[in-house]
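All remarks here apply to the structure that follows.
Here, each number is a calculation from the coordinates, and none is a lab measurement. All values derive from a computational prediction rather than experimental measurement. Every residue, glycine as well, gets a Cβ built from its backbone with ideal geometry; the counts of neighbours run over all protein chains shown.
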Amino acid sequence: MKKIALIIVIIFSSFQFNLSVSEAITMSNVGIDIDGSRVVWQDLKLKLNVYDLEKKENKPFSDRKSRQFSPSLYGDKLVYVDDRNEGWDIYLYDFTSEEEIPLVVHDSHQSSPSLFENIVVWDDLRDGDLNIYMMEIEKGNEIQVTNNPETQHNPIIYGDKIVWQDNRNGNWDIYMYDLTSKQEIRVTSNKDDQINPKIYGDTIVWQDYRNENRDIYIYDILTKEETKISTDGSNDRNPDIYGSKIVWSGTKDKDSVFYIYDLNDDGDVQTITHTINYPVIYQDKVVWQDHGMIKNKTINYENHSPEIIEYIPSHYMNVGLNTIIDLTEVFYDKDGDFLTYQIESREEVVEFRTIEKTNLELTSTGLGKTEIIITASDKNGGTVKTEFKIQVINSDQNDSTFSDIQNHWAKNEIELLSSINIVNGITEDEFHPEGTLTRAQIAAMIVRALEIPENKSDISFSDVVDGWYVKDVITASAVGLVNGYEDGTFLPNKEITRQELVVMMNRVMEYIGKDVQKSNITEEETLLQPFTDQDAISEWSKDAILELLELDIAFGKTESNFAPKEDATRAEAVVMLSRLMQYMGLIQI
């Protein structure tokens, strides 16, 4: 039985796919931090939320219409990125005085802030180059830490040390800057990539791509020794460190796992089977994002019992005559006891009964959408309220079909997404599966897939005035899914190519926490070998194509032809979107 499906959100640039350095990088930010009893996290609409672990209360951070993201906590202070001035600026908020201060406001983009005591560091796309900057908050003095034409990104500060990932040598390396000695040190120096560095005390940890694998390495600043601490083949990623504990996520035997490594316990590694993205550790708590800014929990790593912080409603599930949902991952309290709960449906299309306490049986009595509301209570009287959105589909009764797809290779996927109103036909009877795909059509597909509510913003485009797509384009643009062009147009009827479509699908994965690893020579030769036109694939799209080929989400035009620069068809877009939604758990077949 697959896990309960979850809703996601995506961000992608205009269909020119010439995403700027800062836009491409910022999508990979963690978006969650913890210090003391306070957790700050960004939600699906790029709004910050503050959760109090002691009071078990979650509140919106601000009622501003602007987006806030990339939070970094230290004590009672929070720094974050805010786009209220149409650029990305860095602000500081003091929870004690409840005062907000603009720290760094420039025409350029500032991103990835990190705070320690009185110093904040960030990467800054000033003068066309992405460099590392810092500021002593009380003095308000900006200091440029790096000055290179290449990209320096993702700085982290602890004590008098700053670490970041740097591609001045043609690949990503880890660098460190010592504020006391004012010396820059190159920590790693090999041809492969090292990314996502973190530092605590005299230990640096990062994600490493050498040996044709993703591993976790550490570096001892005092001894200058480098050590691999993860196991080959585990697809390890996104490490964090606090004290002697290092945490990261990975994959083992096709299961999502969570690792805890203790520097003081002879390198002991604990393995926990659990889906975790971007874990952040503080003292005895770990917070993480499950399925990309969906579920945020804390875990006490002594007994591995999750405590729910926030659970966002799930998305579509296909419910047949009998479907069993495993509730064990959702409704355990921090002591490992199963919560008591009550269930309510807002429509009469699904009946419920519990089986052996931890399973919920759903029996379909009709077709359509319904919402399941589950209110759970723990033994201390606390409550957790969760809503699941269910799409009841019976394939035997499905009449969402078209006359021109009856013998088409994408018939099943077209009928599936049509039945849940994600795609529509050109007419009531025809889908035109081999027709080209436009910017407006893909914007509408994404808005419908994510059930994004209509956004009546001030955003407008000179060529999006009337037409069926106006609401979808404006909504997608308002939440950052699509962008227009500098001349104020959107070009809704412009076709997209197959390689542009794959890159767009890949950005969905990047944003929700699925890393995109750079291809190595062996993978590239194996995955692209069948295609005689592989040299026609643009470099900017190659990593995305390799990633989605490996996951069987992308596919060639034929067995021997990828056709990267041919226009994507409506059928190809539906099949890729359907496969991606299944892979991410958004729909269950």
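Observations on the structure shown:
- In this calculation the C-beta distance from R126 to I426 is compared with R0 = 51 Å, giving a FRET efficiency of 0.60.
- Counting charges near R64 (Lys, Arg +1; Asp, Glu -1) among other residues having Cβ under 11 Å from its Cβ returns a value of 0.
- Ranked by the mean number of other Cβ atoms within 10 Å of their residues, highest first, the peptides 56-64, 555-563 fall in the order 555-563, 56-64.
- Too-long pairs where the Cα-Cα distance tops 26 Å, listed order kept, from K77/K285; K77/K252; K65/K471; K47/K494; K56/K198; K198/K252: K77/K252; K47/K494; K56/K198
- Charge context of N561, other residues only, Cβ under 11 angstrom, K/R +1, D/E -1: -1
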